[in-house]
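Engineer: Pasting in a structure now, in structure tokens, and then I'll have a few things to ask.
The values are calculated or read from the model by the stated rules, or taken from the named source; none is laboratory data. Treat the numbers as computed from the prediction; the structure is a model and nothing was measured. Note that each Cβ is placed from the backbone with ideal geometry, even for glycine, and that neighbours are counted across all protein chains shown.
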There are 2 protein chains.
Amino acid sequence: MTDSILVFMIFWDDLESESKPGIALKNNSIKKEIISILSLSGNVTIPDLSKKLVISVPKITALVNELIADSIVSDYGKSTVASGRKPSVYGLVADSGFFLGVDIKHSHINIGLIDLCKNLASTSKHIPYTLTNERHSLDELCNIIKTFIANSAIPGDKIVAMGLNLSGRINSTTGYSYSFFHFNEDPLSVYLEQATGIKTFIENDSRAMAYGEYIAGAAKNEKNVLFLNLDYGIGMGIIINGQLYYGKSGFAGEFGHIPFFDNEIICQCGKKGCLETEASGRALTHLFREKIKSGYASIITKDMAPEDIKLSHIIQAVKDDDVLAIDLIAEIGEKLGKGIATLINLYNPELIVLGGALAETSEYILLPIKSAINKYSLNLVNTDTQIKLSQLNENAGVVGACFLARDRVLEAR
Amino acid sequence: MTDSILVFMIFWDDLESESKPGIALKNNSIKKEIISILSLSGNVTIPDLSKKLVISVPKITALVNELIADSIVSDYGKSTVASGRKPSVYGLVADSGFFLGVDIKHSHINIGLIDLCKNLASTSKHIPYTLTNERHSLDELCNIIKTFIANSAIPGDKIVAMGLNLSGRINSTTGYSYSFFHFNEDPLSVYLEQATGIKTFIENDSRAMAYGEYIAGAAKNEKNVLFLNLDYGIGMGIIINGQLYYGKSGFAGEFGHIPFFDNEIICQCGKKGCLETEASGRALTHLFREKIKSGYASIITKDMAPEDIKLSHIIQAVKDDDVLAIDLIAEIGEKLGKGIATLINLYNPELIVLGGALAETSEYILLPIKSAINKYSLNLVNTDTQIKLSQLNENAGVVGACFLARDRVLEAR
DNA sequence: ATTAATTAATAAAATATTTTAGTAAAAGGC
DNA sequence: GCCTTTTACTAAAATATTTTATTAATTAAT
């Protein structure tokens, strides 16, 4: 069967339709559960499914055979594990569907494509793009996506869904973006769907990164995880019971704007005293420039004016053992650590993953954070919380976007 | 049938046993679902159940009849709603099982008993008891519980389970209490089970109160709720997606001990700068005494030495329009409000319920809290968050304990 | 290498569940 | 007050699912 994705989508729509008599509806819901199990745990055997779903072997066999006939599922040969007759293992047909992930950074876009079996099919990194809150910037974005699809080996109609990350405030349930591209009556997700022809889910960048680390990075197999996106601003993605937590209107996790300091620095958000005003990449950049202006030495300043110094330069300087940069990152780390201690007391998570530009300084920021946590959070609570650096780094966003699109479609519960 | 609880428990154990052939197992699990639906939404009809569970009417009819034969369910007559032949409504048999709730306060205990249908069967409030971390205090507690059962009209063997609240750190999954009664190898819940003969679930007091407000108080029908227990200390109960959130090891919600102030006041927990050090009943009491000592006037001091002033006196003074008390509670409210703004930014809840002793001052504490929230939390985030006063007040704990015991047994998912 | 033990797969028999069709009960319009 | 419409309930027929029994495939032990 050549156009299996068409089959897949027709099949899926069919499963979705609830206007069936009881038994067809039941079979469909069992089929969805089977797909969900296959999607979650890779390849499984018929006895496995039978036990897990408490449905007899012949029944499961019949349904799996139907899924095979629809080319959604395939027999992948015999299991290798011990004693007794070896069962056939079944899995999803990888190329019967693809999922696109689009991660929009400050000055570039990363795009990725995964298949039904979570394999990366193709990527394109660092596509130049400037995100501004204007219509032409949105148009350009759509063109970049369309070009990527046109250039990829996968036919466009095999792409089942797309996940797209934006910074700022996003309600991923309704599909509205409030900080960028809020031009139309319709939600941004609907606009993108119409422009690209692909079912679209939008998500806040930090949340998508959190999801990426949860599915394929540092937070695999954990259930309650906080992901901190330490960049110019501070974002947070919250995973509770293995699912992204959104709060009432999708804005949970505004860690950067908790009233944490008694200072007079006006934050991006308009308030003063936000955590971000003293503990963020932006704060670090300001601090660094001030220090340089007041005469401190650094390897950076050899060929750069203070006002041209970017966060990336400072991060690089830390890696190059620049003393000023190291001192300042430690200062930021100490303050962040006190904030993280607050998070630990409130969420008692099993893991906190540090990502974003600042996390690239690894031990330089990790140690002051850890010592602040010990100082400021309850011992009984923090002993169970691990602190880890991001594993996916700058790929966390794309990976998260791909998987969000996939899981929204496949693992809908 | 006289001893229906015995039947209920035998029946329940039977449902639990997983060593059955497929079909009996399936029927049992559907029966459990039926009980869970009845328990959740009161009385329902057979067509309702059929639609909800996607199981044919004759099958549901057969299972409901079995449940009736077991006297777990009863036919409660015809529905009153419109058009067409009126269906029979079925519900749980109220007195086939009871659930005990024990709420341990600083100097007294409240005990309550509800039946399967959530009706309050009996209560006993303000039983004198002093909670100390000693064996004889635990023994006394067991005696009080046994006496309550002996004196109630309900035979002890009809009590299916008991919920018990304690302040301090509790892991309700394992049943261990760390702050009180941590004498034995076994979890406290097991000790209590052996001492009283009743299946016991222990819970942190603030969490139980949160659950009470969620099931039967100010937070009915909400899904993401924070409950603040504003007393000598500050406790928090978190409800996410309609369920109590515990965190990795059951300590989530340590709001009172977030590092919030840059002061030198040593907290109960040993750290300094905790929110509790300046924004709690304990802080209020200290402040009040200091003010009195330094010459401020108050209606309280007429017949009391400064060191004898208790939190309850100050709360009463606020209600009696005492200016000093009102000023100080507003000061506490402002600081608490800033802390709550942090919670709103992090959790984006739909509702925050204020309970505990301080909440009894109602508007006097509510207004400064609300104005601090507006000042310190992001507008886009806080517009969706309602702030309400507790509806159950000092009953929140007992009610929560009863319902927790009930729901742990009945709505196990 | 043959046999015993273990687990998978399948066919047929036994059982269960859903459908269908018909009856019952209620409300509202004429 | 009768007829139409709507929904509930029930019995029997039709269909589906599980059980049981049998065969197949594999490992480990003799």
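Engineer: Please go through region B:216-241 and give me each residue that is in a strand (DSSP E or B) and in contact with a Lys or Arg (Cβ under 7 Å, 6 or more places away or on another chain), ordered by number. Even if it seems obvious, please write down each step before you answer.
Structural biologist: Going through region B:216-241, the residues in a strand (DSSP E or B) turn out to be B:225-230, B:234-240.
Passing the criteria: only B:237.
Engineer: Here's another thing I want to ask about it. Return yes when residue A:371 is within 20 Å of residue A:288 (Cβ to Cβ) and among the small types (Gly, Ala, Ser) and no when it is not. Don't jump to the end; show me each part of the working.
Structural biologist: On the way: within 20 Å of residue A:288 (Cβ to Cβ): no; among the small types (Gly, Ala, Ser): yes.
For residue A:371, the condition - within 20 Å of residue A:288 (Cβ to Cβ) and among the small types (Gly, Ala, Ser) - is not met.
Engineer: Of all residues in region A:148-176, which are without any contact (Cβ under 8 Å) to a residue 40 or more places away in the chain, hydroxyl-bearing (Ser, Thr, Tyr) and closer than 22 Å to residue A:394 by Cα?
Structural biologist: Correct list: A:152 only.
Engineer: If residue B:298 meets every condition in (1) within 14 Å of chain A (Cβ to nearest Cβ); (2) touching a Lys or Arg at 6+ places or on another chain (Cβ under 9 Å); (3) surrounded by 15 or more Cβ atoms within 10 Å (Cβ to Cβ); (4) not in a helix (DSSP H, G or I) apart from one, which number is that one?
Structural biologist: Exception for residue B:298: condition (1).
Engineer: Further question: Consider region A:35-65. How many of its residues are touching an Asp or Glu at 6+ places or on another chain (Cβ under 7 Å) and crowded, with 16+ Cβ neighbours inside 10 Å? Break it down into steps so the answer makes sense when it comes.
Structural biologist: Let us first name the residues in region A:35-65 that are touching an Asp or Glu at 6+ places or on another chain (Cβ under 7 Å), namely A:36, A:39-40, A:53.
Still in the list and also crowded, with 16+ Cβ neighbours inside 10 Å: A:39.
So the answer is 1.
Engineer: Residue B:369 is checked against (1) of a type in the set (A, V, I, L, M); (2) buried (at least 24 other Cβ atoms within 10 Å of the Cβ); (3) more than 14 Å from chain A (Cβ to nearest Cβ); (4) farther than 30 Å from residue B:118 by Cα and fails just one. What number does that condition carry?
Structural biologist: Here residue B:369 clears every test but (3).
Engineer: Considering (1) over 17 Å from residue B:237 (Cβ atoms); (2) modelled with pLDDT of 95 or more; (3) small (Gly, Ala, Ser), say which one residue B:401 fails and leave the rest.
Structural biologist: (1)
Engineer: Is region A:62-83 home to any residue that is closer than 29 Å to residue A:205 by Cβ and outside the structural domain of residue A:158 (by TED's automatic domain parsing)?
Structural biologist: Applying the first criterion (closer than 29 Å to residue A:205 by Cβ) to region A:62-83 yields none.
No: zero hits.
Engineer: Please go through region B:78-99 and pick out each residue that is touching a residue at least 12 places away in the same chain (Cβ under 8 Å) and near DNA strand D (Cβ under 10 Å from one of its atoms). Working first, answer last.
Structural biologist: Quick first cut of region B:78-99, residues touching a residue at least 12 places away in the same chain (Cβ under 8 Å) only: B:79, B:87-99.
Listed by number, the residues that qualify are B:79, B:87, B:88, B:89, B:90.
Engineer: Looking at region B:372-405, which of the residues that are of a type in the set (Gly, Ala, Ser) and more than 14 Å from chain A (Cβ to nearest Cβ) is surrounded by the fewest Cβ atoms within 10 Å (Cβ to Cβ)?
Structural biologist: To start, the set of residues in region B:372-405 that are of a type in the set (Gly, Ala, Ser) comprises B:372, B:377, B:390, B:396-397, B:400-401, B:405.
Retained after the next criterion (residues that are more than 14 Å from chain A (Cβ to nearest Cβ)): B:390, B:396-397, B:400-401, B:405.
Values: B:390: 25, B:396: 32, B:397: 32, B:400: 33, B:401: 32, B:405: 27.
The residue in question is B:390.
Engineer: Pick from region A:278-295 the residues that are part of a loop (DSSP other than H, G, I, E, B) and small (Gly, Ala, Ser): which of them is nearest to the other protein chains (Cβ to nearest Cβ)? Before you say what the answer is, go through the steps one by one.
Structural biologist: Residues of region A:278-295 part of a loop (DSSP other than H, G, I, E, B): A:278-280, A:294-295.
Going one step further and asking which of them are small (Gly, Ala, Ser), we end up with A:279-280, A:294-295.
Values: A:279: 13, A:280: 15, A:294: 25, A:295: 29 Å.
Among residues in region A:278-295 that are part of a loop (DSSP other than H, G, I, E, B) and small (Gly, Ala, Ser), the one nearest to the other protein chains (Cβ to nearest Cβ) is A:279.
Engineer: A follow-up question, please. Please state which one of B:82, B:62 is within 13 Å of DNA strand C (Cβ to nearest atom) and modelled with pLDDT of 80 or more. Steps first, answer last, please.
Structural biologist: Details: B:82 fails: modelled with pLDDT of 80 or more.
Within the list B:82, B:62, the selection yields B:62.
Engineer: Just to check your reading of the model, which residue among B:35, B:46 is in contact with a helix residue (DSSP H, G or I) (Cβ under 8 Å, 6 or more places away or on another chain), away from every other protein chain (no Cβ under 14 Å) and more than 12 Å from DNA strand C (Cβ to nearest atom)? Explain how you work it out, then say what you get.
Structural biologist: On the way: B:46 fails: more than 12 Å from DNA strand C (Cβ to nearest atom).
On inspection, the qualifying residue turns out to be B:35.
Engineer: Given the residues A:67, A:120, which is the only one that is within 16 Å of DNA strand D (Cβ to nearest atom) and under 21 Å from residue A:161 (Cβ atoms)?
Structural biologist: Values: A:120 fails: within 16 Å of DNA strand D (Cβ to nearest atom).
Testing whether each residue is within 16 Å of DNA strand D (Cβ to nearest atom) and under 21 Å from residue A:161 (Cβ atoms) leaves just A:67.
Engineer: Quick check on region A:266-277. Is at least one of its residues farther than 25 Å from residue A:104 by Cα, over 13 Å from the mean Cα position of the chain (by Cα), small (Gly, Ala, Ser) and within 10 Å of another protein chain (Cβ to nearest Cβ)?
Structural biologist: Looking through region A:266-277, at least one residue is farther than 25 Å from residue A:104 by Cα, over 13 Å from the mean Cα position of the chain (by Cα), small (Gly, Ala, Ser) and within 10 Å of another protein chain (Cβ to nearest Cβ).
Engineer: Which one of B:114, B:72, B:109, B:68 is of a type in the set (A, V, I, L, M) and surrounded by fewer than 15 Cβ atoms within 10 Å (Cβ to Cβ)?
Structural biologist: Working: B:114 fails: surrounded by fewer than 15 Cβ atoms within 10 Å (Cβ to Cβ); B:72 fails: surrounded by fewer than 15 Cβ atoms within 10 Å (Cβ to Cβ); B:109 fails: surrounded by fewer than 15 Cβ atoms within 10 Å (Cβ to Cβ).
On inspection, the qualifying residue turns out to be B:68.
Engineer: On the basis of being within 14 Å of chain B (Cβ to nearest Cβ) and either surrounded by fewer than 18 Cβ atoms within 10 Å (Cβ to Cβ) or in contact (Cβ under 8 Å) with a residue 12 or more places away in the chain (or both), does residue A:228 make the cut?
Structural biologist: yes
Engineer: Which residues, taken from region B:45-54, are among the aliphatic types (A, V, I, L, M) and either touching a Gly at 6+ places or on another chain (Cβ under 8 Å) or within 9 Å of DNA strand D (Cβ to nearest atom) (or both)? Reasoning before the result, please.
Structural biologist: Applying the first criterion (among the aliphatic types (A, V, I, L, M)) to region B:45-54 yields B:46, B:49, B:53-54.
Matches in region B:45-54: B:46, B:54.
Engineer: While we're here: Considering each of A:76, A:129, A:176, A:90 in turn, give the residue that is modelled with pLDDT of 90 or more, over 30 Å from residue B:378 (Cα atoms) and among the aromatic types (Phe, Trp, Tyr). Quick ask: steps written out before the conclusion?
Structural biologist: Values: A:76 fails: modelled with pLDDT of 90 or more; A:129 fails: over 30 Å from residue B:378 (Cα atoms); A:176 fails: over 30 Å from residue B:378 (Cα atoms).
Matching residue, one of A:76, A:129, A:176, A:90: A:90.
Engineer: From the residues in region A:247-260 that are touching a residue at least 24 places away in the same chain (Cβ under 8 Å) and within 15 Å of residue A:280 (Cα to Cα), which one is nearest to the other protein chains (Cβ to nearest Cβ)? Lay out the reasoning, then the answer.
Structural biologist: Applying the first criterion (touching a residue at least 24 places away in the same chain (Cβ under 8 Å)) to region A:247-260 yields A:249-251, A:253, A:255-256, A:258, A:260.
With within 15 Å of residue A:280 (Cα to Cα) added as a condition, the list becomes A:255-256, A:258, A:260.
Values: A:255: 6, A:256: 9, A:258: 4, A:260: 8 Å.
The extreme case among them is A:258.
Engineer: Six or more apart or on different chains, Cβ atoms under 8 Å: show the pairs whose first residue is in region A:54-71 and more than 14 Å from every other protein chain (Cβ to nearest Cβ) and in contact (Cβ under 8 Å) with a residue 60 or more places away in the chain and whose second is surrounded by 13 or more Cβ atoms within 10 Å (Cβ to Cβ) and assigned to a helix (DSSP H, G or I).
Structural biologist: A:70/A:7; A:70/A:8; A:70/A:11; A:71/A:4; A:71/A:7; A:71/A:8; A:71/A:96
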